[in-house]
1. If Leu99 meets every condition in (1) touching a residue at least 24 places away in the same chain (Cβ under 8 Å); (2) more than 15 Å from Gln145 (Cα to Cα); (3) over 20 Å from the mean Cα position of the chain (by Cα) apart from one, which number is that one?
2. Being more than 21 Å from the chain's Cα centre (by Cα), modelled with pLDDT of 70 or more and closer than 14 Å to Tyr134 by Cβ narrows it down to one residue among Ala53, Ala105; which is it?
3. Considering only residues that are without any contact (Cβ under 8 Å) to a residue 24 or more places away in the chain and outside any loop (DSSP other than H, G, I, E, B), look in the stretch 175-194 and name the one that is nearest to Phe135 (Cα to Cα).
4. Out of all the residues in the stretch 337-369, which are touching a helix residue (DSSP H, G or I) at 6+ places or on another chain (Cβ under 6 Å) and modelled with pLDDT under 90?
5. In the list Val97, Val170, Val156, Val103, which residue meets the criterion of being under 24 Å from Leu282 (Cα atoms) and either assigned to a helix (DSSP H, G or I) or not hydroxyl-bearing (Ser, Thr, Tyr) (or both)?
6. Filter the stretch 324-358 down to the residues that are closer than 25 Å to Phe418 by Cβ and surrounded by fewer than 16 Cβ atoms within 10 Å (Cβ to Cβ) and list them by number.
7. From (1) hydroxyl-bearing (Ser, Thr, Tyr); (2) over 29 Å from Lys152 (Cβ atoms); (3) part of a helix (DSSP H, G or I), pick out the condition that doesn't hold for Ser224.
8. Is there any pair linking a residue in the stretch 337-362 that is assigned by TED's automatic domain parsing to the domain that holds Ala263 to one that is part of a loop (DSSP other than H, G, I, E, B), with Cβ under 6 Å and at least six apart or on different chains, and which?
Amino acid sequence: MPSYKALSNLGAPIFLSLGSATVMSTISGIFLARLGTDYIAAAGIVMIIFSVAVVFIVGVVGGIEYWTASFIGSGRESDIPTYFLTACGISLFLSSVFLILSVAALSYMAVRFTPTGLSFEMLIKYGYLTFFGYFAIGLQTVGRQILQIMGKGRSVSLIICLGCVLLIFVYSFIFSNYIGLPAESKLYYSAIALLVIRIIMAGSTLVLVHRSMKDVGKRKLSSSAFIDILRVGVPFGMMGVLEVGVFSLYAYLATFMGTASLAAHHIATSFVTAVFVLPSTLGVLSTIWIGYAFGRRDFPDILVRYKALERLAFWGAVSITVLIIVFREAIGSFWTDDPVVLEVLLSVLFVAAAFQMFDWFNIFLAGCFRGLGNTAIPALANALGHWAVGVPSAVILSSYFDFGVSGLWWGVLIGLLFSSGLAFVLFNRELRRINSFTAIAL
């Protein structure tokens, strides 16, 4: 039976890793904002393409997470090096494919949407440098997940935290008035700096993996490992793409609702993204903890672990909901002092607080399913919830019932309610099936 102390020891490094990655993106956004509207717009064009590709790559190679936990649980640690090498190969292949696709997409978009204060050539250069980050991010994800599951997540957290500190130091130098670089040069060198730091972080992580698996087993590419990782990873990657896609759609719809609504939507999205690190940590924990037991085929322990994680999900969601409702005025005032934007933002934050329970359970249940090696069900539940239920609800509420931008967020809530409810029903059906197997075995 897992103890909450063991869960916290495993979860703390995961939280630091995920949180630091979010901080790194925030740091880049803060410094780029100093360059002015044209450069923020340029970064936004690149990030539309970049975010979709990264979510898919990270989701697919994330299939290694289930297999590593399963191998440790079943005592088959010697298989981990083969799956690690195969996952690295998948990551490099997907990064190459998305690099080509991203360059083509950016070239198409840049012709039509290049900001007036930025040259077409500089936008393309910035995009190229950003897209090469796919290779580092994919490889680091593979290494990070293996080390976290092997109980060496603190080393990964340290690497990422040091990367954030280094990024702040380098950006402070590049963007300082002391060296007097023109704005386009600052954009260019900031992209180089971020890429180099990502490469250093990925290389350091892979070195740690190499040392950790030095005596575990032989490394070789395997077609069966390739199929296994894709079987678990592809649905999870698609799940991430669909979620990013729906928020991109809502951001587009918010542009038709006025400046104040758009600003409030952007701020709320940034805040919710930061808070999302908490349920994401629980989702990873669920995959690892359920995966350990499933690897041993210890079905009674799966039930025990699920109930313990379920309590964490419930009380975590309750805590965050209460905190957002109580402090939403302080949160809003921290982001903006514009009274019109603040009024809209407070109504959006109330909805964001209301859907925390559904969001936490959605991520928690997706992690549990992944721990059982089943990512198709949560991917389907999310697709139906966000796109078949959430998007129509958002459009109807925001357009026909005059909810404005809050209607978009009520659409998120309704979509999460559907997807988390469906996932809850289906996972509990899976638990009953597992329980019947246990009864037969006894």
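The values are calculated or read from the model by the stated rules, or taken from the named source; none is laboratory data. Computed from a predicted structure; not experimentally measured. For neighbour counting, all protein chains shown are included, and Cβ atoms are generated from backbone atoms with ideal geometry for every residue, glycine included.
1. Against the list (1) touching a residue at least 24 places away in the same chain (Cβ under 8 Å); (2) more than 15 Å from Gln145 (Cα to Cα); (3) over 20 Å from the mean Cα position of the chain (by Cα), Leu99 comes up short only on (3).
2. Ala105
3. Checking each candidate, the answer is Tyr189.
4. Across the stretch 337-369, the qualifying residues are Val340, Val341, Leu342, Val344, Leu345.
5. Val156
6. Residues satisfying the conditions are Ile325, Phe350.
7. Every listed condition holds for Ser224 apart from (2).
8. Leu342/Thr336
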